[in-house]
């Protein structure tokens, strides 16, 4: 059995008007299990949270204070190819 440490990944993209890439979402620890098959790793129940930078951009764009860093957006299933 392989021990898995929590890995935190940040997804980013260019924001209209900013001209720079900002971090949008942070992928957290796996909560729903891990499955491995030859050439594939499936991570279920990965928490997806809004970054503080993205929250600030949304608040500024929509003239609100509704969004905050760490806001749980939902859960994802991550499918990774291995052995590339």
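Details
- Members of region 19-31 found to be part of a loop (DSSP other than H, G, I, E, B) and under 16 Å from residue 73 (Cα atoms), listed by number: 31
- Region 71-84, residues that are modelled with pLDDT of 95 or more and assigned to a loop (DSSP other than H, G, I, E, B): 71
- Counted residues, region 34-60 - those being closer than 19 Å to residue 73 by Cα and in contact with a strand residue (DSSP E or B) (Cβ under 7 Å, 6 or more places away or on another chain): 12
- Test for residue 28: is it touching a strand residue (DSSP E or B) at 6+ places or on another chain (Cβ under 9 Å) and at pLDDT below 90: yes
- Any pair with Cβ under 8 angstrom, 6 or more apart, that starts in region 56-71 at a residue that is more than 20 Å from residue 27 (Cβ to Cβ) and ends at one that is surrounded by 12 or more Cβ atoms within 10 Å (Cβ to Cβ) and modelled with pLDDT of 95 or more: 59/67
The values are calculated or read from the model by the stated rules, or taken from the named source; none is laboratory data. All values derive from a computational prediction rather than experimental measurement. FYI the Cβ positions are ideal-geometry reconstructions off the backbone, even for glycines, and counts take in every protein chain you see.
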